[in-house]
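Structure record follows, encoded as structure tokens.
The values are calculated or read from the model by the stated rules, or taken from the named source; none is laboratory data. Just so we're clear, the structure is a prediction, and the values are computed from it rather than from any experiment. Cβ sites come from the backbone with ideal geometry, for glycine too, and all protein chains shown count toward neighbours.
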Amino acid sequence: MAIKAFRSSILHFKEDAQAEYFDDGILLVDSETGTVQEVVDAKDQSSELAAKLDGVEITAYENKIIMPGFIDTHIHYPQVDVIASYGEQLLDWLNNYTFPTELQFKDPEFARETADFFLNELIKNGTTTALVFGTVFKESVDAFFEASAKLNTRMICGKVMMNRNAPDGLCDDVQSSFDDTQTLIDTWHGTGRQLYAVTPRFAITSTGEQLEKAGELMKNNPGVYMQTHLSENKAEIAFVKELFPERSSYLDVYDHYGLLGPRSVFAHGVHLDETDFKRLSETQSSISFCPTSNLFLGSGLFDLEATKTFNVPVSVATDVGGGTSFSMLQTLNEAYKICQLKDYSLDARQAFYMMTLGNAKTLQLDDKIGNFESGKEADFVVVDLESTPLMQRKQSKCKTLDEVLFSLMMLGDDRAISETYVAAKQVYKK
């Protein structure tokens with residue numbers, strides 16, 4: 001039978017960012033179409049619900065919460081082997097660790113093996129959708145999409161565009177970068193659940209001519225995304241100013257070349273001024289907040305409150321491998337601490353909204369994923385509230401949903417993910 005039922009505590013967020021929580025709920029999904037049917041209260045004694053459940057096998061859980069799959073809006077799949085590399089800030093870290101590692105991705109076999117490992121790590125951490133950087137090599141992006149298509153995960157990825165200030169073997173040129181990107185868009189964007197992002201690494205590694213071509217790709221291919229880095233590190237910002245002295249700010253470089261818009265995601269945005277925030281808001285360009293990376297590389301403390309003040313769309317992300325964990329729960333843990341240092345309180349409901357429906361909204365995917373509205377794609381996770389002895393002890397003291405969620409985001413990690421489902425099919429079980 002195509003209809004499957006899962007009984008547990010269930011949490012998701014509605015379009016107005018309000019939590020809908022069932023202490024004892026049933027999630028009905030269609031395994032043939034991979035979509036959500038509905039969420040119902042298991043205490044409902046109506047004949048209508050009984051008819052819906054007639055003959056349907058129900059998988060029941062205790063001390064678990066079913067949530068929509070987590071969404072990560074900034075991560076580098078080639079940096080799996082760079083994670084936890086000691087002792088540098090951004091620019092030296094790129095030169096000493098990242099660039100040498102990315103050179104290996106010219107080999108399709110190496111890229112395939114890494115893509116498989118990377119996607120498995122995401123899934124075991126409960127992440128079912130991510131906005132992903134490839135490398136400069138077209139082969140690395142083909143390998144990633146092939147691996148994702150096998151799992152049927154909804155992923156967004158792009159070939160890095162980079163024609164200066166990197167090792168010779170990692171630089172493309174303006175035309176080849178444009179051509180390779182267009183070929184990848186034609187091959188993968190909208191194929192199954194795969195989507196494409198035009199990906200200039202950052203202003204330091206692209207000439208104006210290449211950024212102009214990135215803007216042209218955006219214009220020529222409505223519906224694709226754009227991802228890059230912005231104002232992460234003070235030395236980076238100073239270098240951008242040297243390279244583009246005619247532009248008023250780092251953000252203005254991207255603005256000049258037509259790279260701002262509702263499908264544009266700028267990672268970091270740690271050091272922005274009021275003018276930047278206003279321009280991001282006007283264009284509905286989003287910032288991806290990467291707390292573990294910002295702390296690990298010593299980049300600075302992101303101002304989440306300012307994004308609320310200026311109505312800038314914001315998401316939360318791991319940024320592996322500058323980021324130190326694939327776990328979105330651990331990412332929320334560090335986000336909370338950064339906000340504390342900025343005199344802003346990130347409450348648990350806001351945090352869990354951000355990594356589900358909120359992140360889906362910034363990616364313009366909230367019509368497809370992010371909550372359990374009827375007809376949406378059935379990506380979901382079964383979260384174990386007693387995954388460690390400490391979690392079990394702490395959860396036994398929790399009296400409210402807010403306390404349950406807060407302890408989960410502070411103490412949870414990959415061990416808290418009991419099962420992961422993609423399009424209604426189980427792809428991971430602890």
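Please indicate, with yes or no, whether at least one residue in the range 263-270 is of a type outside the set (D, E), part of a helix (DSSP H, G or I) and in the same structural domain as K337 (by TED's automatic domain parsing). No: the range 263-270 contains no residue that is of a type outside the set (D, E), part of a helix (DSSP H, G or I) and in the same structural domain as K337 (by TED's automatic domain parsing).
Specify the residue that is nearest to the chain's Cα centre (by Cα); the eligible residues are those in the range 144-189 that are crowded, with 18+ Cβ neighbours inside 10 Å, hydroxyl-bearing (S, T, Y) and closer than 30 Å to K376 by Cα. Result: T153. What residue, among those in the range 60-106 that are in contact (Cβ under 8 Å) with a residue 12 or more places away in the chain and part of a loop (DSSP other than H, G, I, E, B), is surrounded by the fewest Cβ atoms within 10 Å (Cβ to Cβ)? Applying the filter and picking the extreme gives A84.
Taking the criterion of being under 18 Å from the mean Cα position of the chain (by Cα) and farther than 19 Å from F22 by Cβ, the residues of the range 413-430 that qualify are D413, D414, I417, T420, V422, A423. The helices (runs of 4 or more DSSP H) falling completely within the range 158-262 that include 2 or more residues that are among the β-branched types (V, I, T) map to 174-188, 234-243. With the condition kept exactly as written, say whether any residue in the range 383-399 is under 19 Å from G126 (Cβ atoms), touching a residue at least 60 places away in the same chain (Cβ under 8 Å) and within 18 Å of the chain's Cα centre (by Cα). Checked the range 383-399: no residue is under 19 Å from G126 (Cβ atoms), touching a residue at least 60 places away in the same chain (Cβ under 8 Å) and within 18 Å of the chain's Cα centre (by Cα). When R393, R415 are checked against the criterion of being surrounded by fewer than 17 Cβ atoms within 10 Å (Cβ to Cβ), outside the structural domain of E305 (by TED's automatic domain parsing), in contact with a strand residue (DSSP E or B) (Cβ under 8 Å, 6 or more places away or on another chain) and of a type in the set (D, E, K, R), R415 stands alone in meeting it. Look at the range 144-172: where a residue is more than 17 Å from T183 (Cα to Cα) and a partner is hydroxyl-bearing (S, T, Y) and surrounded by fewer than 22 Cβ atoms within 10 Å (Cβ to Cβ), sitting 6+ places away or on another chain with Cβ atoms under 8 Å, you get A149/T191; N163/T207; R164/T207. For the residues F310, F406, F380, F352, the requirement of being in the same structural domain as K425 (by TED's automatic domain parsing), within 29 Å of L272 (Cβ to Cβ) and either surrounded by 16 or more Cβ atoms within 10 Å (Cβ to Cβ) or hydroxyl-bearing (S, T, Y) (or both) singles out F406.
Here is a yes/no grid of residues against (1) out of contact with any helix residue (DSSP H, G or I) (no Cβ under 8 Å at 6 or more places or on another chain); (2) of a type in the set (K, R); (3) in a helix (DSSP H, G or I):
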{"position": "L295", "(1), (2), (3)": "no, no, yes"}
{"position": "G298", "(1), (2), (3)": "yes, no, no"}
{"position": "L301", "(1), (2), (3)": "no, no, no"}
{"position": "T307", "(1), (2), (3)": "no, no, yes"}
{"position": "V312", "(1), (2), (3)": "no, no, no"}
{"position": "S315", "(1), (2), (3)": "no, no, no"}
{"position": "V320", "(1), (2), (3)": "no, no, no"}
{"position": "Q330", "(1), (2), (3)": "no, no, yes"}
{"position": "Y336", "(1), (2), (3)": "no, no, yes"}
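Tell me whether the range 243-258 contains one or more residues that are in contact (Cβ under 8 Å) with a residue 40 or more places away in the chain, surrounded by 17 or more Cβ atoms within 10 Å (Cβ to Cβ) and of a type in the set (D, E). No, every residue in the range 243-258 fails to be in contact (Cβ under 8 Å) with a residue 40 or more places away in the chain, surrounded by 17 or more Cβ atoms within 10 Å (Cβ to Cβ) and of a type in the set (D, E).
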